[in-house]
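Throughout, read-outs are computed from the coordinates displayed, never taken from laboratory work. These figures come from a predicted structure and were not determined experimentally. Here the Cβ positions follow ideal geometry from the backbone for every residue, glycine too, while neighbour counts run over all protein chains shown.
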Amino acid sequence: MKRTINRRRRSKIIQLVKNKLKITENDVKRAVKDYLNIKGWFNFPLTAGMGSYPGLPDRIAVKNGRTLYIEIKRPGGKQSDHQREFQHNIWLKGGQYILVKCVEDLINAINEIKGR
């Protein structure tokens, strides 16, 4: 009997840990904002609402004459059709659009842009 109780308890603990370790889009947004601030980027969120352009990215960042359009997703998250279209339009005009699912994506993209 005691063994069954321990298994149940262990199963509940494992489930609680798994639920707490899920990374949300807001977690990624906070980390991106903090990183940009630390690195000296002027950045601000864009809020989509009634009458706004469809597919707007979550954040815009500017530094040293460069403007980044940053779409933030949780790990495993996907862009909408409008967001992909917005990305395509930015790229057509020579803009820099970054899809970020973790801070490392942002760091790698910024380093790649610096190297150009």
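Any idea which residue in region 19-29 is nearest to the chain's Cα centre (by Cα), counting only those that are more than 22 Å from GLN87 (Cα to Cα) and without any contact (Cβ under 8 Å) to a residue 12 or more places away in the chain?
LYS22
Give region 28-47 a look and list any residue that's exposed (fewer than 11 other Cβ atoms within 10 Å of the Cβ) and out of contact with any strand residue (DSSP E or B) (no Cβ under 7 Å at 6 or more places or on another chain), or say none. So that I can check it myself, show each step before the final result.
Residues of region 28-47 exposed (fewer than 11 other Cβ atoms within 10 Å of the Cβ): 38, 40, 47.
Within region 28-47, ILE38, THR47 meet the criteria.
So for region 99-113 (the condition being in a helix (DSSP H, G or I), crowded, with 18+ Cβ neighbours inside 10 Å, of a type in the set (D, E, K, R) and without any contact (Cβ under 8 Å) to a residue 24 or more places away in the chain), does at least one residue qualify?
The answer is yes, given that some residue of region 99-113 is in a helix (DSSP H, G or I), crowded, with 18+ Cβ neighbours inside 10 Å, of a type in the set (D, E, K, R) and without any contact (Cβ under 8 Å) to a residue 24 or more places away in the chain.
Enumerate the pairs (first residue in region 52-73 and farther than 16 Å from ASN89 by Cα; second residue anywhere and buried (at least 20 other Cβ atoms within 10 Å of the Cβ) and among the basic types (Lys, Arg)) with beta-carbon separation below 7 Å, excluding pairs fewer than 6 apart on the same chain, so at least 6 apart or on different chains.
Close Cβ pairs satisfying both conditions: ILE72/ARG59.
Residue-wise test of (1) within 24 Å of ASN111 (Cβ to Cβ); (2) exposed (fewer than 14 other Cβ atoms within 10 Å of the Cβ); (3) in contact with an Asp or Glu (Cβ under 9 Å, 6 or more places away or on another chain).
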position	(1), (2), (3)
GLY49	no, yes, no
SER52	no, yes, no
GLY55	no, no, yes
ALA61	yes, no, no
GLY65	yes, yes, no
GLU71	yes, no, yes
LYS78	no, yes, no
ASP81	no, yes, no
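From the list LYS114, LYS101, LYS93, exactly one residue is touching a Pro at 6+ places or on another chain (Cβ under 6 Å) and either under 20 Å from ARG30 (Cβ atoms) or charged (D, E, K, R) (or both). Which is it?
LYS101
What is the number of the single condition among (1) over 20 Å from THR47 (Cα atoms); (2) of a type in the set (Lys, Arg); (3) surrounded by 14 or more Cβ atoms within 10 Å (Cβ to Cβ) that LYS93 does not meet?
Tallying (1) over 20 Å from THR47 (Cα atoms); (2) of a type in the set (Lys, Arg); (3) surrounded by 14 or more Cβ atoms within 10 Å (Cβ to Cβ), LYS93 fails exactly one: (3).
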